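The values are calculated or read from the model by the stated rules, or taken from the named source; none is laboratory data. In this text the structure is predicted, and so the values were computed from the model without any measurement. Every residue, glycine among them, receives a Cβ derived from its backbone with ideal geometry; neighbour counts consider all protein chains shown.
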Amino acid sequence: MSDVRALLAIAWKDLRSEARSRAATVATVFFSSVTLVVLAFALGRDADVMTRAAPGVLWVALAFSGVISAAQAYQSDLIEGAFEQLLTLPVPRAAVFLGKLLTNWLTMTILGWVLLPVTAILFDAPIGSGIPILLLTIALGTLGFSIIATFYAALTANLQARESLLPVLMFPVVVPVLLAAVRATDAIVTGGDPSLAGDWVQLLAGFDLVYLVVTSAIFHIVVEE
Amino acid sequence: MSLAPSRRPAWLNVLAGAAFLSVAIGAYLGLRVSPPDVNQGDLIRVMYAHVSVAWVSFLAVGVAALAGIAFLWRGRPRMDVISVAGAETALLYGALTIIGGMTYSKPTLNTFWTWDAKLTLTALMVALLAGVFIVRGLIDEPQRRGRVSAVILIVVLASLPLNYLAAEWFRTLHPAKAIDLTGGGVTIDGTMLTILLYNVVAAGLMFVWLLVERVRIGMREVEIDARRVQADGGSGEVVRV
């Protein structure tokens, strides 16, 4: 039980620290908004193209923001050597990882939920009937993302060129998650049938489970000195 | 300080000869003995090289990841060396798989690159392996370098079943798998299957030879590094080989 409490305490610490500095919030909110606008310009003025591109645009914006958010997760801890202190806690290292993951996932999910109506309006995408499934898709998709991002961010935290290294390492791994998430979103937006999204959502949950188990099991090796 | 001369064992040359010979025989079987395919004609001959190389690339990733796990378990430098050797050969065979796939898909599907699930995810596997080598280049301490690369290889290995499942579910342009691993039976002509399996064994033998040669080089590198640490009057960390 104390492992779970440690996990929650770490997540709570990160959330409070983020609430005060707002470093990741500002970076990810502005970055994802800029991504949406840039992609809107890049795709031109054809309303039909914009609507069909909307699911992909949403997930591209979320994916890029996810990298920033994960890199930020360790940044404040590394400055004063606080991360080493965290590792001395008498709990499994996986609890530290899951605590970091929880904060990252929460912020990414909320960002995704905010971006959803914004994207729907900017790209004129009909989402009406499928909102509950879309919210679930975003929660599961950002979970898969956050798992890999938080894991690799810990791995690259001490390396040179980590800013460019993190996306290079994590994007090939999250492709199945991204594919399933985009297809699920697409099934609702352009297919207009929420039930079509069901298979993709299940697939997404399966990917999340595999990645969660594997990364939690080997995280302690990553932070071992 | 010079390294003890290492004698090249005779069996290694035998292995090299056998690898080259069996690949040559495999090519002969594929190009001359195999009957042309009912639908694809002579193009089927590309399949022998493509499929065997693809299978061995996955085998190589498995070897790299398992050696990585063994390194995490006991910390022996030899396991890290085997892991790197496996990852390098996986990179080579993965690149060959992509080249073979593109050669095969231009005449059959009329495009070099399809965003087919298997082709895409093989490309991703190559990207993941490239990531291993980028990270290895950034870490100086051998134990930590080995651990981190083993961890990345475990993640690569975990993503491979998703590769296979993705090919099932995405249902894109890749030709239906002729050999169904889930037990649906074989839909390939007997002679062709024999030649394909022979080619798989030949590609595997070539892989084993490359692996052994690379491990020999890797062990020399470990030895040189250990000597260098001693010569620097460093911590003199004992490297068990």
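If you go through the range A:118-132 one residue at a time, do you hit one that is under 23 Å from B:Leu121 (Cα atoms), touching a Ser or Thr at 6+ places or on another chain (Cβ under 8 Å) and more than 10 Å from chain B (Cβ to nearest Cβ)? If you could, list the steps in order and put the result at the bottom.
Of the residues in the range A:118-132, the ones under 23 Å from B:Leu121 (Cα atoms) are none.
Looking through the range A:118-132, none of the residues is under 23 Å from B:Leu121 (Cα atoms), touching a Ser or Thr at 6+ places or on another chain (Cβ under 8 Å) and more than 10 Å from chain B (Cβ to nearest Cβ).
Yes/no per residue for (1) farther than 23 Å from B:Leu162 by Cα; (2) free of Cβ contacts under 8 Å to residues at least 24 places away in the same chain:
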position	(1), (2)
B:Gly62	no, no
B:Arg78	yes, no
B:Ile99	no, yes
B:Met102	no, yes
B:Thr122	no, no
> Restricting to the range B:193-218, what's the tally of residues that are surrounded by 17 or more Cβ atoms within 10 Å (Cβ to Cβ) and more than 18 Å from the chain's Cα centre (by Cα)?
Replying inline: 1
> Checking A:Phe207 against (1) among the aromatic types (Phe, Trp, Tyr); (2) more than 22 Å from A:Ala53 (Cα to Cα); (3) away from chain B (no Cβ under 11 Å), which test does it fail?
Replying inline: (3)
> What are the pairs, 6+ residues apart or on separate chains, where a residue within the range A:34-52 that is under 16 Å from A:Ile127 (Cα atoms) has its Cβ under 9 Å from a residue that is among the hydroxyl-bearing types (Ser, Thr, Tyr)?
Replying inline: A:Thr51/A:Thr190; A:Arg52/A:Thr190
> Any idea which residue in the range B:90-132 is surrounded by the fewest Cβ atoms within 10 Å (Cβ to Cβ), counting only those that are within 21 Å of A:Met170 (Cα to Cα) and under 11 Å from the mean Cα position of the chain (by Cα)?
Replying inline: B:Ala95
>> Between a residue in the range B:202-231 that is closer than 17 Å to B:Glu141 by Cα and any residue that is assigned to a helix (DSSP H, G or I), which pairs come within a Cβ distance under 7 Å, given they are 6 or more apart or on different chains?
In response: B:Gly218/B:Val81; B:Gly218/B:Val84; B:Gly218/B:Ala85; B:Met219/B:Arg78; B:Met219/B:Val81; B:Val222/B:Pro77; B:Val222/B:Val81; B:Asp225/B:Pro142
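Looking for whichever is at pLDDT 90 or above and under 20 Å from B:Val56 (Cα atoms) here; the options are B:Tyr104, B:Tyr93. Which one fits? Let's see the steps before the verdict.
On the way: B:Tyr104 fails: at pLDDT 90 or above.
The match here is B:Tyr93.
Listed residues A:Val173, A:Val182, A:Val177, A:Val222; which is over 30 Å from B:Arg145 (Cβ atoms), in contact (Cβ under 8 Å) with a residue 12 or more places away in the chain and within 13 Å of chain B (Cβ to nearest Cβ)?
Numbers: A:Val173 fails: over 30 Å from B:Arg145 (Cβ atoms); A:Val177 fails: over 30 Å from B:Arg145 (Cβ atoms); A:Val222 fails: over 30 Å from B:Arg145 (Cβ atoms).
Criteria check complete, one pass: A:Val182.
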>> All but one of (1) within 20 Å of B:Leu153 (Cα to Cα); (2) crowded, with 22+ Cβ neighbours inside 10 Å hold for A:Leu209; state the number of the condition that does not hold.
In response: (2)
> So B:Ala87 clears everything in (1) more than 11 Å from every other protein chain (Cβ to nearest Cβ); (2) modelled with pLDDT under 90; (3) under 29 Å from A:Leu209 (Cβ atoms) except one condition, right? Which one?
Replying inline: (2)
>> Checking A:Ala161 against (1) among the aliphatic types (A, V, I, L, M); (2) within 18 Å of the chain's Cα centre (by Cα); (3) facing chain B (nearest Cβ under 9 Å): exactly one of these is not met. Which one?
In response: (2)
>> Can you report the number of residues in the range A:23-75 which are among the polar types (S, T, N, Q), modelled with pLDDT of 90 or more and surrounded by fewer than 20 Cβ atoms within 10 Å (Cβ to Cβ)?
In response: 2
> Is there a residue being surrounded by 20 or more Cβ atoms within 10 Å (Cβ to Cβ), in a helix (DSSP H, G or I), hydrophobic (A, V, I, L, M, F, W, C) and touching a Lys or Arg at 6+ places or on another chain (Cβ under 9 Å) anywhere in the range B:46-62?
Replying inline: yes
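Look at B:Gly204 and say whether it is assigned to a helix (DSSP H, G or I), within 14 Å of chain A (Cβ to nearest Cβ) and modelled with pLDDT of 90 or more. First the steps, then the outcome.
Working: assigned to a helix (DSSP H, G or I): yes; within 14 Å of chain A (Cβ to nearest Cβ): no; modelled with pLDDT of 90 or more: yes.
Judged against the criteria, B:Gly204 is not a match.
Take A:Thr156 and decide whether it is modelled with pLDDT of 90 or more and buried (at least 19 other Cβ atoms within 10 Å of the Cβ). Break it down stepwise before answering.
Values: modelled with pLDDT of 90 or more: no; buried (at least 19 other Cβ atoms within 10 Å of the Cβ): yes.
No: the conditions fail for A:Thr156.
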